[in-house]
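Here is the structure we will look at.
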Amino acid sequence: AIAQQALQIDRPLFGQLLSHSVWSSPATLAAASFTTRVIECEFGLRIGTDVPTGTVPYTADTIAPFVAEVLPSIEIVDHRFADWSLGAPSIAADNAIHGGWVHGTPWRGDPRDLDLAHHALEARVDGIVVGSGTGAADLGHPLNVLAWLADELPRFGRRLRAGDLVTTGVCTDVFGAEA
């Protein structure tokens, strides 16, 4: 809802994480490499086994067994537009305004053992909290996002495969980083 409201879109959409824009923490990124530089705190999920396509929609519980790792992460939003009033087609054409993604140390185990919906996230700059939220910002639970994606991808002839990394979307207020 945070991103949908900011972008004035009425439903989720997806982009692709590209290998040239994914880093493990700690990472130092040059500000000049990005046009917009907006930071979002998110959850990351690594798929452990291929997710079959089917006729029954996935739920948080039925998609959870396909998750091998949960990763703390931040996304660097980057777009080349004059303002946020882009509309879904423009956002999709700009790879969901994705600029980069940095992930932390993975947690391995059943994601249902974590209370991801209530897990607190904070964005800090020089120790000062500049954004906070919980996993509930991700369609009520980060695994709901993964279930949505598992159901959405087959519409485009794709599916989630072992090793895929998925970021579930912004869980906090966004932070606009200056140069």
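The values are calculated or read from the model by the stated rules, or taken from the named source; none is laboratory data. Predicted, not measured: the structure shown is a model, and the values here were computed from it. Cβ sites come from the backbone with ideal geometry, for glycine too, and all protein chains shown count toward neighbours. These accessible areas exclude ligands, DNA and RNA; they are computed on the full protein's heavy atoms, side chains included. Shrake-Rupley method; radii C 1.70, N 1.55, O 1.52, S 1.80 Å.
Which of the residues belonging to region 123-158 are over 20 Å from residue 56 (Cα atoms) and touching a Lys or Arg at 6+ places or on another chain (Cβ under 7 Å)?
Within region 123-158, just 130 meets the criteria.
Restricting attention to region 15-29, does a residue exist that is assigned to a loop (DSSP other than H, G, I, E, B) and touching a Phe, Trp or Tyr at 6+ places or on another chain (Cβ under 6 Å)?
Yes: region 15-29 contains one or more residues that are assigned to a loop (DSSP other than H, G, I, E, B) and touching a Phe, Trp or Tyr at 6+ places or on another chain (Cβ under 6 Å).
Suppose we filter 85, 33 for residues that are at pLDDT 85 or above and not hydrophobic (A, V, I, L, M, F, W, C); which single one remains?
None of the others qualify; the one that does is 33.
Looking at 162, 120, 150, 136, can you tell me which residue is over 25 Å from residue 13 (Cβ atoms), among the small types (Gly, Ala, Ser) and either open to solvent by 20 Å² or more (accessible area, probe 1.4 Å) or at pLDDT 95 or above (or both)?
Sole residue among the options that is over 25 Å from residue 13 (Cβ atoms), among the small types (Gly, Ala, Ser) and either open to solvent by 20 Å² or more (accessible area, probe 1.4 Å) or at pLDDT 95 or above (or both): 120.
Out of (1) modelled with pLDDT under 95; (2) within 18 Å of residue 14 (Cα to Cα), the odd one out for residue 44 is which?
With (1) modelled with pLDDT under 95; (2) within 18 Å of residue 14 (Cα to Cα) applied to residue 44, the lone miss is (1).
Report whether or not residue 174 is within 30 Å of residue 50 (Cβ to Cβ) and in contact (Cβ under 8 Å) with a residue 24 or more places away in the chain. Show your work before the answer.
Details: within 30 Å of residue 50 (Cβ to Cβ): no; in contact (Cβ under 8 Å) with a residue 24 or more places away in the chain: yes.
No.
Taking region 138-179, which residues are farther than 30 Å from residue 32 by Cα, hydrophobic (A, V, I, L, M, F, W, C) and not in a loop (DSSP other than H, G, I, E, B)?
Answer for region 138-179, where residues must be farther than 30 Å from residue 32 by Cα, hydrophobic (A, V, I, L, M, F, W, C) and not in a loop (DSSP other than H, G, I, E, B): 143, 145, 146, 147, 148, 149, 150, 153, 156.
Here is a yes/no grid of residues against (1) open to solvent by less than 20 Å² (accessible area, probe 1.4 Å); (2) modelled with pLDDT of 90 or more; (3) assigned to a strand (DSSP E or B):
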position: 49; (1), (2), (3): no, yes, no
position: 54; (1), (2), (3): no, no, no
position: 79; (1), (2), (3): yes, no, no
position: 92; (1), (2), (3): no, no, no
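Starting from region 124-147, take each residue that is closer than 15 Å to residue 65 by Cα and list its partners that are aliphatic (A, V, I, L, M) and open to solvent by 40 Å² or more (accessible area, probe 1.4 Å), counting only C-beta distances under 7 angstrom and pairs at least six apart or across chains.
145/139
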